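Derivation of every value follows stated rules applied to the coordinates shown; laboratory data play no part. Keep in mind that what you see is a predicted model, and the values were worked out from it rather than measured. Quick reminder, even Gly has a Cβ in these numbers, built from the backbone with ideal geometry, and neighbours come from all protein chains shown.
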Amino acid sequence: MLREKGTTYPHPVPLYEEEELLKRIREGIKKENVRIFKLSRYTDIFTPSCMKSGLTFKILKTLCESPVERIIITTKGTPDNNIISLMAEYPQKFSFNVVGKPVGDLVLEPNCPPLEERLETASRIQRKGVQTTIHMDPVIMGVEDEYHLLKGFFAELKKFGLNRVMFSYLLLSPEILSYMVEKTGEEIIKRLLGDYKMENILRYLPREEETEYFATSPALRKESIDRISGLLADEGFDFVLCSLKSGRGNMKIDTKQCPLCDGTFYA
């Protein structure tokens, strides 16, 4: 499909022409009686090209005018003024979730808008009455969860009045590992791999091989979860740990200290 479209994974393009795409969305919602429409960071429509063409606005307007009751957006991008105005018209329909996390030695997504720009936009949207959550995801254990990095990041969130956080950890698969070695070299990867048990492969979605990943060290994971959740609690944040990606494995999590997302926190 990528070859057919003449593009690559970092440069997404719609599968259909604009009118056909919007028609399929309208008809699909009606046919399937869709009430919750989720746009994840892996189907991110807030890419610069999609925004510039106006397609992002048209997709969201189509959803707003449909019977859909909830539009859940998770994005690394920054909505423009037209989209923020649209959200302000339908604040009860939107859940806006912006990806943001501390910056360590290893940056896997170098083409994101600056963190401050993403947080400032999230703050504007929150002030319009839209439920807004920071997705601290994926945290790279041993790289982005150091105390001083977390303290600085949480101070930035408080500066912008953002007090809802969901966090989860990097699911390190063989494919992602190869990409990281290619982009960063082997030295930092050697340090990182000490936190993973390479001989232990887990799968976070049953019967789906593409969701297989290396297990993390239980002791280090507990230490990291305790550090992050403890700081979030001390700073007065409303927060959860993603149960699907990071709440499994051979370690019991104290849900009184670190609540697990049950699917409703940002829905």
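For the pair E20 and N33 in one chain, pulling the backbone fully straight at 0.36 nm per residue adds 2.7 nm over the alpha carbon distance. With the crude spin-label approximation of a point 7 Å out along Cα→Cβ, what separation in nm comes out for A155 versus V13? A separation of 4.6 nm, rounded to one decimal place.
So what is the relative contact order of the stretch 13-99, in percent, for Cα pairs below 8 Å that sit 6 or more residues apart? Could the numbers behind the result be given before it?
Details: 101 pairs, mean separation 27.3, N = 87.
About 31 percent, as a whole number.
Using the average count of surrounding beta-carbon atoms within 10 Å as a protection proxy, the listed peptides 257-264, 133-140 rank, highest first, as 133-140, 257-264.
When the GluC sites (Glu not before Pro) in the stretch 9-92 are filtered for DSSP coil states and for at most 14 other beta-carbon atoms within 10 Å of their beta-carbon, the remaining sites are E17, E65, E69. With a cut-off of 12 Å between beta carbons, the residues surrounding E32 carry a summed charge of +4, where Lys and Arg count +1 and Asp and Glu -1.
Once the Cβ-Cβ distance between K256 and H148 is put in as r, and R0 is 25 Å, what FRET efficiency do you end up with, to the nearest 0.05? Don't skip to the answer; put the middle values down first.
Numbers: r = 27 Å, r/R0 = 1.06.
The value I calculate is 0.40.
Distance from the alpha carbon centroid of the stretch 14-54 to that of the stretch 71-145 works out to 19 angstrom.
Rounded to the nearest whole angstrom, the semi-axes of the ellipsoid equivalent to the stretch 13-99, taken from the Cα gyration tensor as √(5λ), stand at 18, 16, 12, largest first. Counting only residues at least eight positions apart within a chain, or on another chain, the lysines with an alpha carbon under 20 Å from that of K252 are K197, K222. In this structure, the pairs whose alpha-carbon distance is over 22 Å, taken from K52/K159; K101/K151; K30/K61; K30/K128, are K52/K159; K30/K128. In whole percents, the pair-distance distribution calculated for the stretch 34-191 from its alpha-carbon pairs, binned every 10 Å from zero, is 10, 38, 31, 17, 4, 0.
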